[in-house]
Number of protein chains: 2
Amino acid sequence: MEPDFTKNNGLLPAIVQDAGSGRVLMLAYMNRTAWEKTLQTGKAHFWSRSRQKLWLKGEQSGHVQIIREIFLDCDRDTILLKVEQVGGAACHTGYRTCFHRRVAGDRLDPVGSRVFDPEKVYRK
Amino acid sequence: MEPDFTKNNGLLPAIVQDAGSGRVLMLAYMNRTAWEKTLQTGKAHFWSRSRQKLWLKGEQSGHVQIIREIFLDCDRDTILLKVEQVGGAACHTGYRTCFHRRVAGDRLDPVGSRVFDPEKVYRK
């Protein structure tokens, strides 16, 4: 039993959740290759839609995501990864989660603070 | 500041998380109309891709999702809703979460138990 890659042109959303805190960290997309690499290596792999290539999350920063558990939804067209986030932050901006802005009327309020400085981690 | 509906043909994934337990309940899709209805009513609305219509989650079962907080990700192309799930179960199968099957090798192991009987709730 595996995800249904006949749907969504073979590109399924994968929700990444911190196994410890329960915080939702990010959403990315998996094709069959990313799924298989994730199972084989125990590290989250995705398909980068912007770069059109297989993407080991953390390949540049070292902040990989160690797989603890994987769940499929009732339609098998969405994947939920429970992970240990190496480095403590999933977002390339340095925040723990990509969802670090809360909707407050017409504004977005930042929540939390940076765990790392992206300029140092990505050596821009 | 709102989601970037110029992306993904105006249909953005929305992750629904239980505000109390932190459990990830489901993923569905929002267009601008669903987004606006959600903000106006405080209840989660989505765009049903299978039925091609606006969908108030729980419109048939009564198991609506009361919005507690909304977050946008760093790209503003994914939405995170923290909700109170009326009825205690988000999945149409009667489970608390649509992610009630854990990947275990080649198998899917059911996790948890049904909160309601779908045959009674949906009167099929």
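The values are calculated or read from the model by the stated rules, or taken from the named source; none is laboratory data. All values derive from a computational prediction rather than experimental measurement. Neighbour counts are summed over all protein chains in view; Cβ atoms, including those assigned to glycine, are modelled from backbone coordinates with ideal geometry. SASA here: full protein model, heavy atoms, side chains in, ligands and nucleic acids out. Shrake-Rupley method; radii C 1.70, N 1.55, O 1.52, S 1.80 Å.
Close Cβ contacts (under 9 Å, 6 or more residues apart or on different chains) running from residues in region A:73-95 that are without any contact (Cβ under 8 Å) to a residue 12 or more places away in the chain to residues that are not in a loop (DSSP other than H, G, I, E, B) comprise A:73/A:79; A:73/A:80; A:73/B:26; A:73/B:27; A:73/B:101; A:74/B:26; A:74/B:95; A:74/B:101.
Within region B:1-18, being in contact with a Phe, Trp or Tyr (Cβ under 9 Å, 6 or more places away or on another chain) and at pLDDT below 95 holds for B:2, B:8. Of the numbered criteria (1) within 26 Å of residue A:7 (Cα to Cα); (2) surrounded by 16 or more Cβ atoms within 10 Å (Cβ to Cβ), the one residue A:58 fails is (1). Looking across region A:35-46, the residues that are within 17 Å of residue A:63 (Cα to Cα) and of a type in the set (A, V, I, L, M, F, W, C) come down to A:44, A:46.
So is residue B:47 open to solvent by 20 Å² or more (accessible area, probe 1.4 Å), at pLDDT 95 or above and in contact with a Ser or Thr (Cβ under 6 Å, 6 or more places away or on another chain) or not? Can you show your working first?
Details: open to solvent by 20 Å² or more (accessible area, probe 1.4 Å): yes; at pLDDT 95 or above: yes; in contact with a Ser or Thr (Cβ under 6 Å, 6 or more places away or on another chain): no.
In short, no.
Of the strands (runs of 3 or more DSSP E) contained entirely in region B:61-124, those carrying at least 1 residues that are touching an Asp or Glu at 6+ places or on another chain (Cβ under 7 Å) fall at B:65-72, B:79-85, B:101-104.
Scanning region A:29-61 for residues that are over 15 Å from residue A:12 (Cα atoms) and under 14 Å from the mean Cα position of the chain (by Cα) gives A:42, A:43, A:56, A:57, A:58, A:59, A:61.
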